[in-house]
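> Pasting a structure here, questions to come.
The values are calculated or read from the model by the stated rules, or taken from the named source; none is laboratory data. Source: prediction; values computed, not measured. Side chains included, ligands, DNA and RNA excluded: accessible areas come from the protein's heavy atoms. Shrake-Rupley method; radii C 1.70, N 1.55, O 1.52, S 1.80 Å.
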Amino acid sequence: MAEDPRDWEVETRLVRGGMARSPYGEISEALFLTQSFAYDSAQAADARFSGADPGFIYQRFGNPTTQIFEDRLALLEGADVCRATASGMSAVHASLMGLLKAGDHLVAGRALFGSCRWIISEWLPRFGVEATYVDATDLEAWKNAVRPNTRAFLIESPANPLLEVTAIGAVADIAHAAGAKLIVDNVFATPIFQKPLALGADIVVYSATKHIDGQGRVLGGAILGAEPLMTESYKDLLRHTGPALSPFNAWVLLKGLETLELRVRRQTENATRVANVIAAHSKTRQTIYCGRPDHPQAAIIANQMTGGGNVVAFDLGSREAAWRFLDALQIVDISNNLGDAKSMATHPCTTTHRSMPEAERLEIGLTEGWVRVSVGLEGPGDLSRDVSRALDAA
């Protein structure tokens, strides 16, 4: 009797999950660079389009390489279905558009990536969708924000850029009591350290550009959830609006999944060491890292995460000090990406959250002294020395 892949360990799922070989028996997954597919007869085409004969029709609808990526990520996440998209933001956008219509109301945690806030504040209102932002750590705020027409909740946990952590299970209970669905952006935690669906979330989204690729090569995104909801809310939306992941990018992301667990755990080891160096330095006013006991939501982290991740945020008191730190780095790159094998540091106020009004940045505690570091796979001694030297210059 064949083993159930759901019984495999994480490492095995990442290497072999969803594997489907062509008649040639290749070891590495095949890359199907094709826009469309041929049929043996007109009757066969009719059967394929009617759904009587399952199979591939057009790259926008599905592709064998992309299907392997989707199946593997779904197996890792514990989801029935994964639908891959061209980028993380296309996944966030589609996840919202699939659940909301004119006249609906969305409640979102106020600590969000800048492009997510643009979609909620600027894009959705054009289609008659209203939104309320809340302090995601305040359960009463979630309850008080609910309206009769509330249909969705959205959170990042940990949130970008100050690593605010939300009690996913408690917020899911509030959403479900209101008849709403909970979407969780799980990028910072990764599927290795947090399982939102198991905690009660309805939909999980990823920017696969980050840790899943992890080597700075391609863009990609994913939406995951239970089969009935994924079919009802997303099948036709993704099919007809076309945010399809390219087969080449899917193949690259498959290669990234094979080493995801190894990379994320090593990055977390490095991040723990770097966070401690930063926290001990006299120039640092505050350090936030999900692997430290002084994180503001340490108790929630202990309940729902199994690792601290690779992102560290710290406050140097002013933009000038933050920029001096960045300019003094010799190994760590100045870049707005994260989850890469290479360590990267950015100044959120002038990069990732630049479009966020100052008053809204202050609401989440994002003043101009904050720096966000994504810790990579370099030698921990080299990283510690580089960061310490840059802090001396701040």
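> Rounding to the nearest 10 and keeping the result within 0 to 90°, find how far the Cα-based axis of helix 247-258 lies from the longest principal axis of the chain.
60 degrees
> Percent of accessible area on the chain owned by carbon and sulfur, 1.4 Å probe?
About 51 percent, which is the carbon plus sulfur part of the accessible surface.
> Report the Stokes-Einstein translational diffusion coefficient (µm² s⁻¹, integer) for the stretch 14-66, Rh taken as the Kirkwood radius over Cα pairs, at 20 °C with viscosity 1.002 mPa s. Write down the numbers at each step before the final one.
Values: Rh = 12.6 Å.
Here the translational diffusion coefficient equals 169 µm²/s.
> Cα centroids of the stretch 111-177 and the stretch 13-34: how far apart, whole angstrom?
When both Cα centres are located, 38 Å separates them.
> Kirkwood Rh, the stretch 159-302, all Cα pairs: how many Å? Working shown, then result.
Working: mean 1/r = 0.0579 Å⁻¹.
Hydrodynamic radius (Kirkwood, Cα only) of the stretch 159-302 equals 17.3 Å.
> Given the -39500 (n - 2.57) contribution per DSSP H run of 4+ residues, what per-residue ellipticity at 222 nm results for the chain, rounded to the nearest 500 deg cm²/dmol?
Here the helix-only value at 222 nm equals -10500 deg cm²/dmol.
> Here's something else I'd like to know. As an exercise, find the ratio Rg/Rh for the stretch 181-243 from alpha-carbon atoms, using the Kirkwood inverse-distance average for Rh.
1.00
> Measure nothing fancy, just the Cα-based angle from helix 64-77's long axis to the longest principal axis of the chain, in degrees from 0 to 90, nearest 10.
Helix 64-77 sits roughly 50 degrees off the main axis of the chain.
> Next question, about the same structure. Based on the Kirkwood radius over alpha-carbon pairs, what is the Stokes-Einstein translational diffusion coefficient of the stretch 1-121 at 4 °C with 1.567 mPa s viscosity, in µm²/s?
73 µm²/s
> Moving to a separate point now. GNM, the chain, Cα, under 10 Å: largest mean-square fluctuation among Met305, Met356, Met89?
Judging by the Gaussian network model, the answer is Met356.
> Continuing with the same structure: Per Stokes-Einstein, at 10 °C and 1.306 mPa s, what whole-number D in µm² s⁻¹ belongs to the chain, with the Kirkwood radius over Cα pairs as the hydrodynamic radius?
Working: Rh = 21.8 Å.
Translational D for this selection: 73 µm²/s.
> How large is the direction-averaged shadow of the alpha-carbon convex hull of the stretch 36-86, in nm²? Could you put the intermediate results ahead of the total?
Numbers: hull surface 16.2 nm².
For the stretch 36-86, averaging the hull's shadow over all directions gives 4.1 nm².
> Calculate the radius of gyration of the Cα atoms of the stretch 1-44 to one decimal place, then report Dmax, the largest Cα-Cα distance, as a whole number, both in Å.
When restricted to the Cα atoms of the stretch 1-44, Rg and Dmax are 15.4, 44 Å.
> Over the chain, calculate the relative contact order: mean separation of alpha carbon pairs under 8 Å at least 6 apart, over the residue count, as a percent.
Across the chain, relative contact order equals 16 percent.
> Cα atoms only, the stretch 328-394: Rg and Dmax in Å?
Gyration radius and largest Cα-Cα distance of the stretch 328-394: 13.1, 39 Å.
> Just to compare against my own numbers: the Cα pair-distance distribution for the stretch 83-223, 10 Å bins, whole % per bin, please.
Final binned percentages: 13, 46, 34, 6, 0.
> With N set to the residue count of the stretch 269-394, report its C-alpha Rg divided by 2.2 N^0.38 Å to two decimal places.
Its radius of gyration relative to the 2.2 N^0.38 Å reference: 1.00.
> Now a separate question. Starting from the alpha-carbon convex hull of the stretch 73-166, give the projected area averaged over all orientations, in nm².
Its average projected convex-hull area is 6.7 nm².
> Cross-link partners among lysines for Lys235, C-alpha distance below 19 Å, same-chain residues fewer than 8 apart left out?
Lys101, Lys181
> Taking a probe of 1.4 Å, how large is the accessible area per residue of the stretch 191-317, in Å²?
38 Å²
> Shape of the stretch 289-342 from its Cα gyration tensor (a ≥ b ≥ c, root eigenvalues): rounded if a/c is under 1.5, otherwise prolate when a/b > b/c, or oblate?
Oblate shape, in that a/c is at least 1.5 and b/c is the bigger or equal ratio.
> Along its three principal axes, how long is the stretch 111-165 when you only count alpha carbons? Whole Å, largest extent first please.
The Cα atoms of the stretch 111-165 stretch 31, 26, 11 Å along their principal axes.
> OK, next. Could you work out how far helix 319-328 tilts from the main Cα principal axis of the chain, as a 0 to 90 degree angle to the nearest 10?
Around 70 degrees separate the two axes.
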